[in-house]
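The values are calculated or read from the model by the stated rules, or taken from the named source; none is laboratory data. Quantities reported herein were computed from a predicted structural model and do not represent experimental measurements. Glycine gets a Cβ as well: all are built from the backbone with ideal geometry, and neighbour counts include every protein chain shown.
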Amino acid sequence: MSESLFPSAEQHAPIEEAALRARQQAVALAYDAERGPPRVVAKGRGILADAIIEKAKASGVYVHESRELVALLIQVDLDKHIPTSLYRAVAELLAWLHYLDSDQAMKDRPPPTLSLPKPEAP
C-alpha cells in the first residue's frame, strides 16, 4: 500500500474552506442622523468577520454582501465616519434597505440602484 504525494479532494476541502474564511471580511456601520455620517462600528477578517456577520443576523440586521464596498470600508478606522467619497454608495445602500422595509416594495416599484466608487490601488 502506498500513499499518494498529492492529497485527495476530500483532504483539500478543509484547507480551502479555511482559506476562504481567512479572506472573508466584514464591516458594520451605524447611522444616527444626530451624530453625522455613518460610522464604522465593527470590522474584521476571518473568524472575526464571521462573528460580526453572525451577530448582525442574530440581531435582525440586514447583511449586504459587497466585496467592493467592504474593501473600501475596511480601511476606515473604528468609530470613524465614512469618508465623503463613500457617502453616495452608502446612501444608496441605505435607500435600498429603506425601500425593502417600505410599502414601495409591495407596489412593484423598482428599487434604487447601487453604484460604488472604484477602490484605490494600494
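If a residue must be modelled with pLDDT under 80, farther than 18 Å from Gln25 by Cα and among the basic types (Lys, Arg), how many such residues does the stretch 74-122 contain?
Looking only at that region, the number is 2.
What number of residues within the stretch 28-43 satisfy the criterion of being of a type outside the set (Gly, Ala, Ser), part of a strand (DSSP E or B) and without any contact (Cβ under 8 Å) to a residue 60 or more places away in the chain?
Total satisfying the criteria: 7.
Criterion first (closer than 21 Å to Trp96 by Cα, modelled with pLDDT of 90 or more and assigned to a helix (DSSP H, G or I)) does Ala56 satisfy it? Lay out the reasoning, then the answer.
Details: closer than 21 Å to Trp96 by Cα: yes; modelled with pLDDT of 90 or more: yes; assigned to a helix (DSSP H, G or I): yes.
Here the answer is yes, as Ala56 does meet what is asked.
If I ask for residues that are touching a residue at least 24 places away in the same chain (Cβ under 8 Å) and aliphatic (A, V, I, L, M), which ones from the stretch 64-91 would you list?
Leu69, Val70, Ala71, Leu72, Leu73, Ile74, Val76, Leu78, Ile82, Leu86, Ala89, Val90
Let me confirm something: among Ala51, Ala33, which residue is out of contact with any strand residue (DSSP E or B) (no Cβ under 7 Å at 6 or more places or on another chain), under 16 Å from Leu94 (Cα atoms) and hydrophobic (A, V, I, L, M, F, W, C)? Steps first, answer last, please.
On the way: Ala51 fails: under 16 Å from Leu94 (Cα atoms).
Residue meeting the stated conditions: Ala33.
In the stretch 17-29, what residues are out of contact with any helix residue (DSSP H, G or I) (no Cβ under 6 Å at 6 or more places or on another chain) and at pLDDT 90 or above? Can you show your working first?
Taking the stretch 17-29 and keeping what is out of contact with any helix residue (DSSP H, G or I) (no Cβ under 6 Å at 6 or more places or on another chain), we get 17-23, 29.
If the condition is that a residue be out of contact with any helix residue (DSSP H, G or I) (no Cβ under 6 Å at 6 or more places or on another chain) and at pLDDT 90 or above, then Leu29 is the only one that fits.
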